[in-house]
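Colleague: Structure incoming, see below.
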Amino acid sequence: MAHAEKRGYDKKARKWRWRGRYLKPDGTWGSVSRDDSKQPFYTERAAREYAAGLESDVRRKTFIDPRSGRITVAEWAQIWIESVELANRSDKTYRQRLRSVILPKWGVIAMADVSEVAVKTWEKELRTRYKPRYVKSVMSVLRVLFEDAATSKVRGDNPVPTLKSRRRGRYKGKQQKDETVLATPRQALLLARNAEKMRGLVGYTLVLTIAYCGLRISEIVGLRREHLILDDNGQGCRLLVQAQHQYVDGKPAQVGPKYGSSGSIILPAFLAELLRQVLASHKAEWVFTGPKGGKLNTTSFYEEVWRLWADGHPAMPDRLGRPSRLPYLEAVAGIQGIGPHGLRHSMKVWLDELKHPRVAVEDRMRHVLGGVEGVYSHTTLPMELEIAADLQALWEASLKVVVDRREWEAPSRPREKDSPKLISQKSPNLENQDQENETAA
């Protein structure tokens, strides 16, 4: 039964200190010398009543050992991170967030001493230093860390508020501006033409494969020859998503697709033909090779390659003034700042605008459709063939003549003699171009 024991005389407070004794769930005696406010017990009654409350928690099976909360955040994080089952990239992200942001702030603090007010204040400070998406990621890791601590009886609650529990403070409406940059089929074509100037047919087809198949860049890098079925046997030409490229322990490796989202994607006719040409242009095992024919390197791909394709770049001669391998690239108007994943989002928007069944669109995106709809809805071959036909129509429409000063010059690839000539960005309309030709004659 809970009781109190005299511990010693506190000369500073000029009072006797007491501790409470109580029976723990395993039948052994536990002791507690401070209350929830970390204040010592100066009366026998206060110590006995607090100990009695702990025994009540033991009977209700809600008991949390006060000593468990004295473990520091750093000590708990070391135990916790090894218990969480994560994919390689997620594991790397969790550890980075802990190492660089969370532990420098909370590492030496006891788990029981972290309050909700302190966490909210810290989150507010983070928003002044980092982008919203990064802050959201950090808080997500911290929230899971404390949620598991509460489940493991390290502390009684989770001090990291969820979105639904944030009721106080200034009202924040829904974000009005979508940060994702989307491309039209025409803009995707112009982006591909820029890629063609730097990386030829491989770069050209790479951009269009992302746009019309919705692949992630890591899946593009990990795409092998055997993942392409380019002979139509009545099921349509196919691209199989079975692996992605990642760095595991600092070394390049092939792992399963993100969230296990493998799948078979039907190809529009134009893309199947482009992929045949790509495979015929080299003998490498990878579909999209680097400049020297090896596996595509993503270490500096975004800054040194992709950004030039999307945002443009002036021609750069070498030290002797001779033309370099980097030609002049016109920025694609309206999609500056777009990333490869923006093209994946774009394909989803195109299919939604075409009113295709949601189950077929999500299946092409390799998403899991939840709820009753996910249980009873199924994708059929006619649905897939209709998607391929509509994507082919979008492609053909993107090739049509557009008389607009914002358009770019035609690709260097040879075209049929009877195909319509595209208007250069420098020639705003057909009439001006005809006048220029007559004057030159």
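The values are calculated or read from the model by the stated rules, or taken from the named source; none is laboratory data. None of these values were measured; they are calculated from a predicted model. Note: ideal-geometry Cβ built from the backbone for every residue, glycine included; neighbour counts use all protein chains shown. Ligands, DNA and RNA are stripped out before the accessible areas are found, and what is left, the full protein with its side chains, is counted by its heavy atoms. Shrake-Rupley method; radii C 1.70, N 1.55, O 1.52, S 1.80 Å.
Colleague: Give the residues of the range 283-297 that are surrounded by 15 or more Cβ atoms within 10 Å (Cβ to Cβ) and part of a loop (DSSP other than H, G, I, E, B), sorted by residue number.
Modeller: A284, V287, F288, G290, L296, N297
Okay, residues lined up against (1) surrounded by 15 or more Cβ atoms within 10 Å (Cβ to Cβ); (2) over 21 Å from K295 (Cα atoms); (3) within 20 Å of the chain's Cα centre (by Cα); (4) touching a residue at least 24 places away in the same chain (Cβ under 8 Å):
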{"site": "T180", "(1), (2), (3), (4)": "no, yes, yes, yes"}
{"site": "Q187", "(1), (2), (3), (4)": "yes, yes, no, yes"}
{"site": "L190", "(1), (2), (3), (4)": "yes, yes, no, yes"}
{"site": "G203", "(1), (2), (3), (4)": "yes, no, no, yes"}
{"site": "G234", "(1), (2), (3), (4)": "no, yes, no, no"}
{"site": "V241", "(1), (2), (3), (4)": "yes, no, yes, yes"}
{"site": "Q246", "(1), (2), (3), (4)": "yes, no, yes, yes"}
{"site": "S261", "(1), (2), (3), (4)": "yes, yes, yes, yes"}
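Colleague: In the range 50-86, which residue that is part of a loop (DSSP other than H, G, I, E, B) and at pLDDT 75 or above is most open to solvent (accessible area, probe 1.4 Å)?
Modeller: Result: E85.
Colleague: Scanning for something under 25 Å from L215 (Cα atoms) and at pLDDT below 85, does the range 421-436 turn up at least one residue?
Modeller: Within the range 421-436, not a single residue is under 25 Å from L215 (Cα atoms) and at pLDDT below 85.
Colleague: To continue, here is another question. Out of all the residues in the range 355-388, which are open to solvent by 60 Å² or more (accessible area, probe 1.4 Å) and assigned to a helix (DSSP H, G or I)?
Modeller: Passing the criteria: R358, D363, V372, E373, V375, Y376, P382, L385, E386.
Colleague: Tally the residues that are closer than 22 Å to D113 by Cβ, open to solvent by 40 Å² or more (accessible area, probe 1.4 Å) and in contact with a helix residue (DSSP H, G or I) (Cβ under 8 Å, 6 or more places away or on another chain), restricting the search to the range 1-32.
Modeller: Count: 1.
Colleague: Starting from residues that are modelled with pLDDT under 80 and aromatic (F, W, Y), keep the ones in the range 234-277 and report whichever is farthest from M383 (Cα to Cα).
Modeller: Y247
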